[in-house]
Amino acid sequence: MINIAIVITGYYFRYPIIYERIVNETKLYDSINFNLYILSHKLKNEISDDIYSFFIENNWHIIYQPNIGWDWGCHVQFIQWHTKNKKSEPDYILFLHDDISITKNGFINSFLNKTKQGYELIGNSAPFTIIRDFEKNYFNEAFILQKNGFEYESGNIKIVRGSAMFLSFYLAKQVLLNLPYQKCGKINLANRSLRMFGAIATKLVGNNKIGYLSNEHFKSDYITEEMRGSDIGNNFFLKRYMRLNLTKMFFLTERFLISPLILKHSYPVEIGNKLKINFTENDIKQGYLNICLSSNFCSDITINDFEKLLSENRIYRIVISTQLVFSNTDLLKSLLLKIPKSTIPIDLFIDVENINRDSINQLSRQFHHLKITVEKIPKRKGTKWVNRLYIKYPQKNFKFK
């Protein structure tokens, strides 16, 4: 007999019919034993009485966990809970969001048919993003995986949306038990976890064993997904198409016209495996290794990691938040002393996007002994230009090694 765990991440609890249709799904199969779980981000008293009673009556096991790391945090939390409590391991696991809609039953059979074709990780729908050259384009995420002892696919990887994915429990445990998932920041940063999961899974099973029930985006014949709690509007793909084309135009403009503002030093070779570091209190940035001085929990690396990377000439840009410069005057001084450990030049910026001109002038006075220039740089999303302070820190006898 096949054993399957169905795990719904519980955050919204607004569509009772989802749970009813899942129960109906389990009744279609005599040769499958199902265990039903809710990993809830809400406490018992925050779940409606009707839905909670339905869970109890239909043998759902409710696990209460803090809302950390969005959907991928839920997946990791479940595997860690399951392992810690030494539960009997199922053959397969189906992770679902609680903002999906089930349009018809029979999806378990469809997922199992894909496993018979050799697929080991199956998404409900085709992703709308293709990840090529993972290590080259997401080197900070590759570094995080490397730091945590994971092997990963460095080239093209396949990803599945966390809102509806089916895989063997063995694979889920291999990838998720210790996955260094994104814990802090804005919700779009959850994509870091998605890519890291995909890079590990692709390495373990190969691109040819990762598939989808449907070639459409966000839906199959059985399940329709939402986008972070919102319906997929009619203009979603049009807006995405326009945004992607604007990004391409921006990239070309940045490369040929704007990059001297952003990258001060002309490197003799490609940046390659060099990294960007963001020192902050709570503004976690994508594309950077973040050091959050207000909480180690949110940091990608430690200060010791930073100093090691610096001494290994692995860093080419450092950004410091204005809040830290104001609240921790020793930080900038410390960085200016440590930067010479690197034999490649480092662009050092103070991020002043959200402060006024008076505060910028105050910073300039406070560090009057340094050559500081105020510059406008383009913001990645939209057409807004924002302020940054660039600290010119000349290095003697620079040689690129």
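The values are calculated or read from the model by the stated rules, or taken from the named source; none is laboratory data. As the structure is a computational prediction, the values presented were derived from the model and not from experiment. Positions of Cβ are backbone-derived with ideal geometry, glycine not excepted, and every protein chain shown enters the neighbour counts.
Listed values, structure above:
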| read-out | value |
| --- | --- |
| Residue tally, condition crowded, with 21+ Cβ neighbours inside 10 Å and either of a type in the set (A, V, I, L, M, F, W, C) or within 16 Å of the chain's Cα centre (by Cα) (or both), over region 120-132 | 2 |
| From Asn156, Asn85, Asn124, residue being out of contact with any Ser or Thr (no Cβ under 9 Å at 6 or more places or on another chain) and polar (S, T, N, Q) | Asn85 |
| Residue match in region 160-177 (condition: within 25 Å of Lys136 (Cβ to Cβ), among the basic types (Lys, Arg), surrounded by fewer than 24 Cβ atoms within 10 Å (Cβ to Cβ) and touching a Leu at 6+ places or on another chain (Cβ under 8 Å)) | yes |
| Flag for Gly123 being out of contact with any helix residue (DSSP H, G or I) (no Cβ under 6 Å at 6 or more places or on another chain), over 30 Å from Tyr222 (Cβ atoms) and modelled with pLDDT of 95 or more | no |
| Test: Ile377 is outside the structural domain of Pro180 (by TED's automatic domain parsing) and modelled with pLDDT of 90 or more | no |
| Residue satisfying all of: in region 15-69; surrounded by fewer than 17 Cβ atoms within 10 Å (Cβ to Cβ), among the aromatic types (Phe, Trp, Tyr) and under 27 Å from the mean Cα position of the chain (by Cα); nearest to Lys87 (Cα to Cα) among these | Tyr64 |
| Which listed residue, of Glu135, Glu153, is outside any helix (DSSP H, G or I), assigned by TED's automatic domain parsing to the domain that holds Leu176 and surrounded by 15 or more Cβ atoms within 10 Å (Cβ to Cβ) | Glu153 |
| Verdict on Leu337 being modelled with pLDDT of 85 or more, assigned to a helix (DSSP H, G or I) and either closer than 24 Å to Gly287 by Cβ or not assigned by TED's automatic domain parsing to the domain that holds Lys274 (or both) | no |
| Candidate set: region 380-400, residues that are assigned to a loop (DSSP other than H, G, I, E, B) and either of a type in the set (Ser, Thr, Tyr) or at pLDDT 70 or above (or both); chosen: the one nearest to Thr343 (Cα to Cα) | Tyr393 |
| Region 272-304 - residue that is assigned to a helix (DSSP H, G or I) and in contact (Cβ under 8 Å) with a residue 60 or more places away in the chain and, of those, farthest from Gln182 (Cα to Cα) | Phe297 |
| Members of region 181-226 that are within 19 Å of Asp98 (Cβ to Cβ), assigned to a strand (DSSP E or B) and of a type outside the set (A, V, I, L, M) | Lys219, Thr224 |
| Residue identified as at pLDDT 85 or above and assigned by TED's automatic domain parsing to the domain that holds Asn387 among Thr329, Thr302, Thr322 | Thr302 |
| Residue count for region 194-248, restricted to those that are at negative phi, small (Gly, Ala, Ser) and at pLDDT 95 or above | 6 |
| Residues of region 301-344 that turn out to be over 20 Å from Ser364 (Cβ atoms), surrounded by fewer than 18 Cβ atoms within 10 Å (Cβ to Cβ) and either among the hydrophobic types (A, V, I, L, M, F, W, C) or over 25 Å from the mean Cα position of the chain (by Cα) (or both), as a count | 9 |
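Here's the yes/no breakdown for (1) under 24 Å from Tyr212 (Cα atoms); (2) touching a residue at least 24 places away in the same chain (Cβ under 8 Å); (3) in contact with an Asp or Glu (Cβ under 8 Å, 6 or more places away or on another chain); (4) not in a loop (DSSP other than H, G, I, E, B):
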{"residue": "Val7", "(1), (2), (3), (4)": "yes, yes, no, yes"}
{"residue": "Tyr19", "(1), (2), (3), (4)": "yes, yes, no, yes"}
{"residue": "Ile22", "(1), (2), (3), (4)": "yes, yes, no, yes"}
{"residue": "Asp30", "(1), (2), (3), (4)": "no, no, no, no"}
{"residue": "Lys42", "(1), (2), (3), (4)": "no, yes, no, no"}
{"residue": "Ile62", "(1), (2), (3), (4)": "no, yes, no, yes"}
{"residue": "Asn67", "(1), (2), (3), (4)": "no, yes, no, no"}
{"residue": "Gly73", "(1), (2), (3), (4)": "yes, yes, no, yes"}
{"residue": "Val76", "(1), (2), (3), (4)": "yes, yes, no, yes"}
